[in-house]
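**Student:** Before we start, here is the structure in question, set down as structure tokens.
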Amino acid sequence: MKKTYLAVIALGIFFLLLIQMAGTLVESIYILDLMNTSLDEKVLGLLFFFSPVLLFAYRGKRPALTVWILFGILFLARGLAPYLLTLGRMLASGAATGAALTLFPLLLTARTKGESRPIPASWISAGLALAVGFSVLLRTANYSLDYSLFPEGGWLGWGLAGALGFLLTTLDWGALAQGQTRARPVALAVTGIFLVVGLAWFAFSAPSVISRWTEGDYSWIVIVVSLLTLAWVGLSLFRPKWINKISPTGLLIWNLLFTTSLTLTLLVNRVPFPPTPDSPAVVVGAPTWIQGLPLAAMLVLFPVIYLDLRVFSARVREANPRPRDLIPGTLLGSLTLVILVFMHIFTNVWGYVEPVSPWFRNKFWLPFTLMAGLITLLVGWKRSSAPNGQPGSERTNSWVWVGILAAVFLGTAGSALLTTRVQTFEPREGAIAVMTYNIQQANDDFGERSYSGQLALIREVAPDILALQESDSARISLNNNDIVRYYAGKLGYYSYYGPTTTTGTYGTAILSRYPLSNTRSVFTFSDQDEIGTAEVEIEIAGQTFTIYNVHPDGSDTAMLVFAKELLERSKDNNKVIALGDYNLRDYEDAYQLIDGVFTNAWVSNYPSEIGPDGVDMSGDNRIDHIFFSPGLAVRNPVYILPPESATDHPVHWAEIVWEE
């Protein structure tokens with residue numbers, strides 16, 4: 001029992017650290033390149049994924065020394081990463097990722113002390129599931145951001161890495177027995193392991209991203225993922241032989257159903273964008289129950305990835321390889337993950353990395369379907385193997401495991417429910433404070449994390465309505481950090497994420513002290529970035545206000561189409577507030593079109609466009625605007641410029657008033 005207890009926890013922590021550091025590496029590179037919206041030399045940081053090539057120099061001598069050198073790098077880099085600036089964090093997470101990937105072949109061929117065969121495949125599968133369970137807990141408890149990856153939770157990163165070091169002492173790293181025949185090729189099996197880990201990294205270790213694909217209920221998605229993941233750990237430990245009853249054909253069917261449901265979950269949330277300037281806008285409202293069916297099926301079926309990992313690990317185990325025999329598969333797996341990361345990012349920045357990226361426009365589903373489809377193909381490639389591919393592994397009935405799994409699940413479920421609660425606020429009399437904030441994915445003008453500074457500024461202003469732009473961070477390029485959920489949860493606000501992540505916009509979210517109704521996203525013709533406007537209604541003192549959060553970009557034609565659609569959609573409403581990052585100066589045609597109908601908050605108070613404190617927001621200086629219906633009025637409009645705004649844009653707010 002003790003061997004199982006320690007080995008599975010060691011594997012769980014290892015996979016967790018790998019997912020955390022790989023995600024941080026990709027996020028850091030993306031943030032650094034976000035500053036110039038193009039790829040540069042910083043993208044070479046992805047070469048850390050190919051660090052296992054160093055194992056070609058490994059000759060099997062003194063394996064324990066190699067393990068401890070790699071662990072030392074992993075320990076220091078993982079511990080320091082949360083405290084570093086973005087460039088330092090990229091280097092530290094890269095070193096940690098490289099060390100973990102290089103350690104992986106050694107870990108896959110390791111043995112618990114006193115055993116003559118490598119770690120059972122069921123333990124490896126349970127280890128990944130445990131890692132996903134831990135990751136979901138760490139994120140859910142901190143409003144979807146992994147607590148251990150930020151300075152305030154950095155102590156936990158040191159603790160996790162230190163615990164892994166202790167647990168590694170329970171393993172043997174010696175050479176295989178003499179007289180062993182040459183191992184069979186295992187490159188495809190190892191690649192399959194990487195695909196499973198990749199799918200866990202891209203989605204299931206951070207369930208908030210799934211809720212953002214679909215507008216599905218966050219709490220229930222988190223609870224289902226956590227429950228089924230931890231149930232898999234329990235079944236692997238308490239009933240390890242039940243999986244033998246699943247035939248290879250049954251496993252293949254399970255994978256096909258999961259791949260289909262995953263693909264459909266993404267496709268039913270795909271938006272047919274207007275193809276020409278003359279095309280009508282596409283309006284997307286709340287999802288229907290029919291759209292929720294593929295999501296429900298996917299959530300029920302997704303534990304098959306843990307069974308797939310068991311199959312691939314068993315195939316590696318049967319081949320009885322040396323660590324060097326796993327290098328080709330490890331490098332192929334790393335290459336596959338890097339390609340999938342690029343594919344995922346290109347669906348969002350399709351207008352910036354020509355000639356490759358435009359092909360990925362509106363293909364958000366593609367990398368996920370490829371991952372699940374390739375796993376299915378590799379599982380079916382060698383159907384003669386039983387799903388577990390090995391005799392039943394050691395069984396444990398330890399109540400310690402029951403306590404661990406129950407505590408993780410209850411902590412996750414409780415956090416999911418508690419962190420989504422909204423607060424009650426005293427309304428202002430005859431006024432609402434509105435604020436537009438381009439948060440640049442919660443980074444400042446220097447490309448450094450600024451979520452705490454931004455949150456402090458929002459709290460200081462205490463707006464009733466908060467419009468966030470460039471907030472679409474619940475995706476792999478930004479380490480699946482759902483900053484909208486984080487801000488809304490910390491503030492106790494209602495929220496509408498706006499266009500889902502499947503649409504590839506930069507995010508136009510609306511947070512509010514008042515309940516939101518008739519939420520919808522409006523897509524107009526675009527030729528560089530998808531133009532998705534978030535639209536909601538709120539009721540205040542018996543009066544209905546329509547709020548638009550905008551972030552258009554692209555050619556003059558696309559901007560004019562956007563402006564005309566905004567005016568068309570709002571023409572029948574007499575209480576309109578349209579705010580956001582317009583990317584428009586007051587001398588541009590689209591701006592003047594809007595300004596001819598609505599009132600600009602800043603100019604109406606300061607016709608010179610220079611504030612009383614000397615803040616000059618004339619001409620090119622001002623692209624973030626608050627417009628409102630002529631029947632309303634404004635007082636106290638304010639701009640705060642970078643760096644005080646804690647982003648690369650000025651933050652702008654004002655009070656909108658009306659007669660009772």
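**Student:** For region 604-622, what are the residues that are under 24 Å from residue 441 (Cα atoms) and either surrounded by fewer than 19 Cβ atoms within 10 Å (Cβ to Cβ) or touching a Phe, Trp or Tyr at 6+ places or on another chain (Cβ under 6 Å) (or both)?
**Tutor:** 617, 620, 621
**Student:** Let me ask you something else. Looking at region 154-174, which of its residues are surrounded by fewer than 18 Cβ atoms within 10 Å (Cβ to Cβ) and of a type in the set (Gly, Ala, Ser)?
**Tutor:** 159, 162, 163, 165, 174
**Student:** Could you please tell me which pairs satisfy a Cβ distance under 9 Å, a separation of 6+ or placement on different chains, a first residue in region 391-404 that is in the same structural domain as residue 125 (by TED's automatic domain parsing) and part of a loop (DSSP other than H, G, I, E, B), and a second residue that is among the small types (Gly, Ala, Ser) and at pLDDT 55 or above?
**Tutor:** These pairs meet every condition: 392/122; 393/121; 393/122; 393/236; 394/122.
**Student:** Considering only region 500-509, I want to know if a residue exists there that is under 27 Å from residue 561 (Cβ atoms) and assigned to a strand (DSSP E or B).
**Tutor:** Among the residues of region 500-509, at least one is under 27 Å from residue 561 (Cβ atoms) and assigned to a strand (DSSP E or B), which makes the answer yes.
**Student:** Out of 230, 257, which single residue is under 27 Å from residue 5 (Cβ atoms) and assigned to a helix (DSSP H, G or I)?
**Tutor:** 230
**Student:** Within the group 594, 547, 540, which residue is over 30 Å from the mean Cα position of the chain (by Cα) and over 27 Å from residue 275 (Cβ atoms)?
**Tutor:** 540
**Student:** So, one more: Of all residues in region 414-454, which are of a type in the set (Gly, Ala, Ser), surrounded by fewer than 19 Cβ atoms within 10 Å (Cβ to Cβ) and under 26 Å from the mean Cα position of the chain (by Cα)?
**Tutor:** 414, 452, 453
**Student:** I would also like to ask the following. Against the condition modelled with pLDDT of 95 or more and out of contact with any helix residue (DSSP H, G or I) (no Cβ under 7 Å at 6 or more places or on another chain), how does residue 253 come out, does it pass?
**Tutor:** yes
**Student:** Next question. Based on this model, can you work out whether residue 111 counts as surrounded by 23 or more Cβ atoms within 10 Å (Cβ to Cβ) and charged (D, E, K, R)?
**Tutor:** no
**Student:** Considering region 316-358 alone, what residues qualify as being within 30 Å of residue 554 (Cβ to Cβ), in a helix (DSSP H, G or I) and among the hydroxyl-bearing types (Ser, Thr, Tyr)?
**Tutor:** If the condition is that a residue be within 30 Å of residue 554 (Cβ to Cβ), in a helix (DSSP H, G or I) and among the hydroxyl-bearing types (Ser, Thr, Tyr), then 357 is the only one that fits.
**Student:** Here is a further query. For region 1-115, which helices (runs of 4 or more DSSP H) that fit wholly inside it have 3 or more residues that are within 23 Å of residue 340 (Cα to Cα) and at pLDDT 95 or above?
**Tutor:** 2-34, 86-108
**Student:** Picking from 139, 184, which residue would you name as being of a type in the set (D, E, K, R) and at pLDDT 95 or above?
**Tutor:** Answer to the check: 139.
The values are calculated or read from the model by the stated rules, or taken from the named source; none is laboratory data. The model shown is predicted, which means the values in this text are computed figures rather than measured ones. Cβ coordinates were reconstructed from backbone atoms using ideal geometry, including for glycine residues, and neighbour counts include every protein chain displayed.
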